[in-house]
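K.L.:
Structure below; questions to follow.
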Amino acid sequence: MRRNHNIMKTTLLRTVALFTLVSMTVGASALRAEDLGAVKHRMEQRLSQIDHLKSQGVIGETNRGLLELRGGNVEAGDAVAAENRDREIVYTEIAKQTGTSFEQVARHRARKIAADSARGVWLQKEDGSWYRK
């Protein structure tokens, strides 16, 4: 009798654990999709400000797909920090989905951003030196 009770208890605990895990996974997936949507929205809202700061030469694109200040503009610093946080979220998610590393995604994005950048934008070469397109 005691053995049956232990088996039932173990089965119940496993069922509850499995249900909890599935619920957390589904919840995390929904949350991640919502978070990525929020990230995309923030990046879209910030795009004109970022483009303006790039055209002024206040910020540049690094060889790791992130932004860097090229002057002491505090407002630009806030925008750069916010944009870089969001880019890191996106690059991390792309790396997970493609089975690559964050570094590979970031370097690939840096090359794509450099190719698509307007004339006059500061870009960083692989060796770390800067040039204006």
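The values are calculated or read from the model by the stated rules, or taken from the named source; none is laboratory data. Quick caveat: nothing in here was measured; it's all calculated off a predicted structure. Positions of Cβ are backbone-derived with ideal geometry, glycine not excepted, and every protein chain shown enters the neighbour counts.
K.L.:
If we scan segment 84-99, do we find a residue that is touching a strand residue (DSSP E or B) at 6+ places or on another chain (Cβ under 7 Å), assigned to a helix (DSSP H, G or I) and not aliphatic (A, V, I, L, M)?
P.N.:
So far as segment 84-99 goes, yes, one or more of its residues are touching a strand residue (DSSP E or B) at 6+ places or on another chain (Cβ under 7 Å), assigned to a helix (DSSP H, G or I) and not aliphatic (A, V, I, L, M).
K.L.:
Among the residues of segment 6-24, is there at least one that is at pLDDT 95 or above, assigned to a helix (DSSP H, G or I) and either touching a Cys at 6+ places or on another chain (Cβ under 9 Å) or not hydroxyl-bearing (Ser, Thr, Tyr) (or both)?
P.N.:
No, segment 6-24 contains no residue that is at pLDDT 95 or above, assigned to a helix (DSSP H, G or I) and either touching a Cys at 6+ places or on another chain (Cβ under 9 Å) or not hydroxyl-bearing (Ser, Thr, Tyr) (or both).
K.L.:
When both residues are 6+ apart or on different chains and their Cβ atoms are under 6 Å apart, which pairs have a first residue that lies in segment 100-126 and is in a helix (DSSP H, G or I), and a second that is surrounded by 17 or more Cβ atoms within 10 Å (Cβ to Cβ) and of a type in the set (A, V, I, L, M)?
P.N.:
Ala114/Leu123
K.L.:
Now for a different question. Which residues, counting only those in segment 97-110, are out of contact with any helix residue (DSSP H, G or I) (no Cβ under 9 Å at 6 or more places or on another chain), of a type outside the set (Gly, Ala, Ser) and farther than 19 Å from Glu126 by Cβ?
P.N.:
Correct list: Gln97 only.
K.L.:
Inside segment 45-62, can you point out the residues that are among the charged types (D, E, K, R) and either within 15 Å of Arg85 (Cβ to Cβ) or not in a helix (DSSP H, G or I) (or both)?
P.N.:
The answer is Arg46, Glu61.
K.L.:
May I ask you to say which residue of Glu103, Glu75, Glu83, Glu44 is closer than 23 Å to Arg132 by Cβ and either at pLDDT 95 or above or crowded, with 16+ Cβ neighbours inside 10 Å (or both)?
P.N.:
From the options Glu103, Glu75, Glu83, Glu44, the qualifying one is Glu83.
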